[in-house]
Amino acid sequence: EVLTMSSWVPPTHFIHTDFLVPLTEKIAEVTEGRVTVTILPAPLASPPQHWELARTGVADITWGNFTYEPERFVSLWFAEFPNAGTNAEAQSRALWQTYQTFLADNAAFDGVKMLAVGMFGGGQLHHGSKSVTSPDDVKNQKFRMGGPIQEKLLSALGAVPVAAPATKAYEMLESGVIDGSLHTMESVVNFRLEDVLKYHTVFPKGFYDATFFVVMNGAKWDGLSDQDKAAIEGIIGEELSAAWGRNFDLQSPAAIEKLAAEGHEIVEASPELVAAVDTIYDTMVADWIGAAKGAGVEDPQAMLDFYNETYTALAGE
Amino acid sequence: MIVGSIAMAVAILLAFLRVPLAFALLAVSVTGIGFAINWNIAFQLVPLTISDAVLSYDLAVVPMFILMGNVISKTGIAQDLFRAAYAFVGNVRGGLALSTMVACSGFSAVCGSSYATAATMAKVAYPSMKQYKYSDELAAGTIAAGGTLGILIPPSIIMVVYGILTQTNIGDLFIAGVVPGVFGLALYMLAIRFIAARDPSHAPQGEKTPWPEKLKALSGVWPFLLLFSLIIGGLYAKLFTPTEAAGMGAGLAILIATFHGRLTWSVLRAVIIDTAYTSVSLYTVLFGALMLSKLLTLSGLAAGVLALVQSTGLEGTALVLVIMCVFLVLGCVMDSMAIVLIFVPLFAPIIVAQGFDLVWFGIIVIVVTEIALITPPVGMNVFVLKAVLPDVPVLRIFKGLVPFIAVDIIRLAILIGFPAITLWLGSTVG
Amino acid sequence: MISPSHFQGGETFMLSMAWKIRRGVETVMALFLLAMVALTFADVIGRRLFGTPIYGSNDITEHLMALVVFAGLPLVTAASAHLTIDILDKLVNQPWMAWWRVLTSILVTLVLAMISWLFIKHGLNASGISEVSQALRVPRAPLYFFMALSCALSALAALVIAATGPMIDPEDTHEEDAL
Ligand code: NA
Ligand code: NA
């Protein structure tokens, strides 16, 4: 059986080289070559369509970001709120367990076989021309961001959110469309934004986060032999999720080192700014609990608590 | 791979038999994917591909640049440019043709289309050249060749399409077109000097313009300078993204034209509707091309051609030369846009695999499609010119184009041999 | 633009209605395109001079563009203004090739009808999965239904002009000038 995989990062990106390629190799290995995966030379649709590509069987395996579809996966929003943590491996494991315990039967995830979920270890705030530490520093500054949660967060802080994909950040920063942008430390380096983002504000528990999926078409999965399914089960799930997180955990310290060596200013957010974000966090959680109930989650608070406890235990914090 | 090859062949055949290109590509891609992979995938991909394209902000640059070019062609900016150029170089032998060429390149810098450039300049410059007894060969050849600069000197609609198909940064492509465009202008002017020197009957001497009139003519080009510095200056200085530059350019062109009293609502309405029609047909054909590239991806044809090329052992510059020869032959009988839409997705992966720069390749491709616009039997610029100047026989226009095609080939060879010419300007930005 | 003379006088009510509709849709398209230009202008000026960009301006531009393209598709189809390679026109226009021209029209009609049907399904799916735009979270389903309607009308137009000839305005030939 040859499965197709659609991916939307260039083949030089670490998600391609250090995560997707090893995954295809492992699948071939554990099935003794009975199941192989071809990564297509070009993505079959835009990044937000990648869940649908797998669900409808246009591609067999895809990966993507849950909130690229802003209203579809409300149940997972909590993991993109501030204070979700900075250890991506622990986050991704915790999110997998949360998904298994609370969401695996939720209708939003029908039609696909979830291979892994992942997070990226805390996004931070980056600015092109000035140091941002206090709540006043953030006000009226234009930040590129994506998704409903980052928009709410920035608006609540008095900043001006500008919606655009991260790939557009360079052009927008250069042309003054935005003053700053939200990224992980790693993506500042991987999107080559070092020249245009010189000031980095670190929130100790993460300013925001992102949730990712690796999925396979449900019917294609069901069509595999029991032997192959069992073999693949051994390398997906929490283990694959952890591998996702580990990649980000490897990238971020290297990125921080590189940026510091280039003379960038990397500072912690002031206690006032952290407190302001905490207040917004509380409102976000309260709003989300209602929305998540509407999305079929019985006890959203219990799910959030479960995630936090699991993360804390795994991260050893 | 086999289905992919058959599909490509059928698509081209249908297109030549006058099936609208968009529908030839759509029908063939859907059927091809249906047979080669499965019908569910073929049917799912149609709405996904179309909605991705139509909801692309990058692609929205297209109608705005078309609108800007269309408005500008009604604003008299072309006349102003031509008058100013003539005031300075009109008195040398071949001066009118030289001024036409300069005005063509100036107009190209604010217009994204070669057709619009050729058609506008034909109306502006041809009567003067006729009046001064220039030969039809030189007059029409100059305008048809000068018009091709429209797609190389930014802005350029075809560059946007190339950028969308290959996921190359459109701003980088625009900046990269500047030096090869100016180089093209220089070579065209040399060609005119050569023609005028060899047979003076082609280009009688013009009159000398006194200095006060020179200055007066020069002062007429401020609307052009304003637009030019806004668009190219703004793009180079990274003040705007390309889509914003297009929107600002279109808006400013409308304001300038209104200020000059050259634009009434009914003219504006007609211009905008014309723009809309052109945009719609361009978008539709792009839907087809994007579906075709999905077929190339899924059927393994792209990978197959890559393997085939690798098996020939052809590499580096030699390989690019071969690809360009293929494009030149295609360019004789195919429309420039069709070439880019159908063949760029097929060849781009090979270029990437060879380690070449896609921006550089884009400029080379644009130069080839420029040549396609003026080579017989199908030279779209010649036909545009023919529509504006019904009295000039097509054969005579093609004859007049021979020296220009010759310098075009020289330019193409130099640009292939020295990628730095194309990539230098971009490297000075940021 | 005035109605072309050969459609005036004793021509049918249907035809004059068709022209009225076409003029109306053209004006709407023109306004959408103007709105795109105005929006970009306002966004850039607002951002450069006052530091206040318009939230979701890209999103609005994308929607306007989709509306322009799919409002125009039936008109372009009716005017037979799609990009074609016409090198073999002399061959295709010969009387004995009439069957091929009919076949071509049928192919165009079928492709448009297929796209229309696929966009109906796509729209139904989009409302099922709450597909919305990135910044302003405008629901996508109505847009997809609009596209489906546009393609259906275009299919109809392709079929009708196969019999009647293209709906060409002699004052405005809409020459292809995109290159
Ligand atoms: Na141009
Ligand atoms: Na040609």
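The values are calculated or read from the model by the stated rules, or taken from the named source; none is laboratory data. Everything numeric in this text was worked out from a predicted model, so none of it was measured. FYI the Cβ positions are ideal-geometry reconstructions off the backbone, even for glycines, and counts take in every protein chain you see. Please note that ligands, DNA and RNA were not included when accessible areas were found on the heavy atoms of the full protein model with its side chains. Shrake-Rupley method; radii C 1.70, N 1.55, O 1.52, S 1.80 Å.
Largest first, how would B:C332, B:C325, C:C151 line up by accessible area (1.4 Å probe)?
In descending accessible area the options line up as B:C325, B:C332, C:C151.
Can you tell me the 0 to 90 degree angle between the C-alpha axis of helix C:13-50 and the longest principal axis of chain C, rounded to 10?
The angle comes out at about 30 degrees.
In degrees between 0 and 90, to the nearest 10, how far off the longest principal axis of chain C does helix C:98-128 point, with axes built from Cα atoms?
With both axes taken from Cα atoms, the answer is about 20 degrees.
If a helix is a whole DSSP H run, which ones in chain B reach 30 Å or further along their own axis (Cα) and hold a mean Kyte-Doolittle hydropathy of at least -1.0?
B:170-198, B:265-299, B:394-417
Restricting things to alpha carbons, find the Rg to Rh ratio for region B:1-158 using the Kirkwood radius for Rh.
My calculation puts Rg/Rh at 1.18.
About the Cα centre of the protein assembly as shown, what is the dipole size in debye to 20, counting +1 per Lys and Arg Cβ and -1 per Asp and Glu Cβ, all else neutral?
Here the protein assembly as shown has a charge dipole of around 3880 debye.
Quantify how much of the Cα-Cα distance distribution of the protein assembly as shown extends past 57 Å, in percent.
Values: 52987 of 428275 pairs.
Across the protein assembly as shown, Cα pairs with separations above 57 Å total 12 percent.
Give, rounded to the nearest 20 debye, the magnitude of the charge dipole that region A:202-303 has about its Cα centre when Lys and Arg contribute +1 at Cβ and Asp and Glu contribute -1 at Cβ.
240
Hey, if you put +1 on the Cβ of every Lys and Arg and -1 on every Asp and Glu Cβ in region B:342-430, which of B:L425, B:A372, B:I351 ends up farthest toward the positive end of that dipole?
B:A372
Residues with beta-carbon under 12 Å from that of B:S427, excluding B:S427: net charge, scoring Lys, Arg +1 and Asp, Glu -1?
Counting the neighbours of B:S427, the net charge comes to -2.
So for region C:22-174, Kirkwood radius off the Cα pairs, Stokes-Einstein at 20 °C and 1.002 mPa s: how many µm² s⁻¹?
Rounded to a whole number, D works out at 120 µm²/s.
Which whole-number percentage describes the relative contact order of chain A, with Cα contacts under 8 Å and a sequence gap of 6 or more? Walk me through the numbers on the way to the answer.
Numbers: 585 pairs, mean separation 86.3, N = 317.
Result for chain A is 27 percent.
If we count every other residue with Cβ under 15 angstrom of B:L230's Cβ, Lys/Arg +1 and Asp/Glu -1, where does the sum land?
+1
Would you mind calculating the relative contact order of region B:316-384 from Cα pairs under 8 angstrom and at least 6 residues apart, reporting the percent as a whole number?
Answer for region B:316-384 is 44 percent.
Which angle between 0 and 90 degrees, to the nearest 10, do you get for helix C:57-78 versus the longest principal axis of chain C when only C-alpha atoms count?
Tilt relative to chain C: about 10 degrees.
Normalised by the residues of chain B, what does the relative contact order come to in percent, with Cα pairs under 8 Å and at least six apart?
Taking the mean separation of contacting Cα pairs over the length of chain B, I get 25 percent.
Show that you can apply the helix-only estimate: for chain A, add -39,500 (n - 2.57) for every DSSP H stretch of four or more residues, divide by all residues, and state [θ] at 222 nm to the nearest 500.
My calculation for chain A gives -12500 deg cm²/dmol from helical runs alone.
Quick test of the membrane-span-like rule: which DSSP H helices of chain A reach at least 18 Å along their long axis (C-alpha atoms) with mean Kyte hydropathy at least -1.0?
A:238-261, A:271-294, A:300-315
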